[in-house]
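What follows is a single structure, written as structure tokens, with notes after it.
The values are calculated or read from the model by the stated rules, or taken from the named source; none is laboratory data. Keep in mind that this is a model prediction, so the values were computed, not measured. Heads up, the Cβs are rebuilt from the backbone with ideal geometry, glycines too, and the neighbour counts pull from every protein chain shown. SASA here: full protein model, heavy atoms, side chains in, ligands and nucleic acids out. Shrake-Rupley method; radii C 1.70, N 1.55, O 1.52, S 1.80 Å.
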Amino acid sequence: LLLLLARSKTRYGIMTTSCCPDNSWGSPLHVSHGTKSLDGARGELCQIGPSKDLEMYVSRPQVGGASQKALCVLTDVYGLQSRLFAICDKLAADLQLTVVALDTFRGETKDMHLDDFKEWLGSHPFERDISESAKDDKSAVYPVKEDIESCFEFLLDTYNINSSDVGVAGFCWGVWAMTKACEMKLFRCAVGFHPSIKIESMVFGGDQEAITKKAADNAPILLCVAGNDLDNLKPSQGGALANIIAKSKSKDTGHNDKAAPRCVEFPEMMHGWVSRGDTSIEKVKEDAEAALNLSVDFLRRWM
């Protein structure tokens with residue numbers, strides 16, 4: 001299937017970038033036809049943050065009411081889009097909690113930065129550089145940690161949900177941001193899909209293994225890995241990051257295999273399949289649903 005899809009780049013918008021591996025899914029199919037749409041979505045969009053410039057999608061269960069817990073979703077480089085809204089709605093309903101997805105890129109996407117992609121990602125560090133040179137132009141930098149803190153304030157003020165009761169889910173770029181956040185003990189548990197943790201070294205000159213080790217020791221982590229993701233994420237290849245997560249110091253799982261911190265491989269899938277893949281292809285739909293169901297089982301244990 002990977003080979004078949006790789007031959008269909010034009011039809012399915014598959015891209016090659018320095019962030020995603022070769023032959024990854026490109027922009028979500030609906031983006032080619034217009035802007036994000038709330039048609040069919042159960043949640044709503046709102047603006048938060050000190051400048052009210054951080055857009056966020058909020059979804060809560062329609063039946064049974066939400067618990068006093070929440071899940072923060074960190075997107076891929078395509079930000080908020082209708083497929084992601086549907087994923088948030090599923091997670092809110094299945095887990096009976098509040099799900100919030102943050103548009104840390106302020107409406108911009110990877111497709112707007114083909115010529116300066118790394119520089120664009122560099123303008124979204126995890127923390128603000130407090131050096132004198134950075135203080136001169138704070139408007140050019142959007143630190144992810146500050147957006148997460150704004151999200152925590154919103155959850156507390158609006159739903160009385162404490163930050164200690166918030167988990168996190170990440171997609172592609174969002175798995176790097178998720179890992180950095182768990183390194184700093186911001187979330188109680190984490191799930192990630194088609195990870196791009198390599199952004200730590202590629203853009204910021206950091207150490208992927210070091211941040212993964214700290215993150216995995218602070219919070220239980222589940223990663224769903226595509227066939228063309230890096231080998232360091234794959235248990236079948238003895239991947240360093242996969243081994244770190246599997247051997248982490250996270251809480252005892254109580255002999256529950258579904259709760260075990262781990263990397264799960266989807267060898268027939270291409271990077272991006274959960275949030276951007278063409279679900280009219282039966283196998284893509286099947287494996288996207290399987291990955292989300294794995295995450296629900298994992299989060300139920302740790303939330």
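The set of residues in segment 14-43 that are more than 17 Å from Gly107 (Cβ to Cβ) and at pLDDT 75 or above comprises Cys19, Cys20, Pro21, Asp22, Asn23, Ser24, Trp25, Gly26, Ala41, Arg42, Gly43.
A count restricted to segment 219-252 and to residues that are open to solvent by 60 Å² or more (accessible area, probe 1.4 Å) and in contact with a helix residue (DSSP H, G or I) (Cβ under 6 Å, 6 or more places away or on another chain) stands at 4. The residues on offer are Pro267, Pro261, and the sole one that is surrounded by 19 or more Cβ atoms within 10 Å (Cβ to Cβ) and either at negative phi or in contact (Cβ under 8 Å) with a residue 24 or more places away in the chain (or both) is Pro261.
For Val141, the conditions (1) touching a Ser or Thr at 6+ places or on another chain (Cβ under 6 Å); (2) buried (at least 16 other Cβ atoms within 10 Å of the Cβ); (3) free of Cβ contacts under 8 Å to residues at least 40 places away in the same chain; (4) more than 30 Å from Ser236 (Cβ to Cβ) all hold with the exception of (2). Anything in segment 95-105 that is under 16 Å from Phe298 (Cβ atoms) and assigned to a strand (DSSP E or B)? List them, or say none. Correct list: Val99 only. Among the residues here, Lys283 qualifies as touching a residue at least 60 places away in the same chain (Cβ under 8 Å) and open to solvent by 10 Å² or more (accessible area, probe 1.4 Å). Trp176 fulfils the conditions (1) touching a strand residue (DSSP E or B) at 6+ places or on another chain (Cβ under 8 Å); (2) more than 18 Å from Met303 (Cα to Cα); (3) surrounded by fewer than 22 Cβ atoms within 10 Å (Cβ to Cβ) except for a single criterion, (3).
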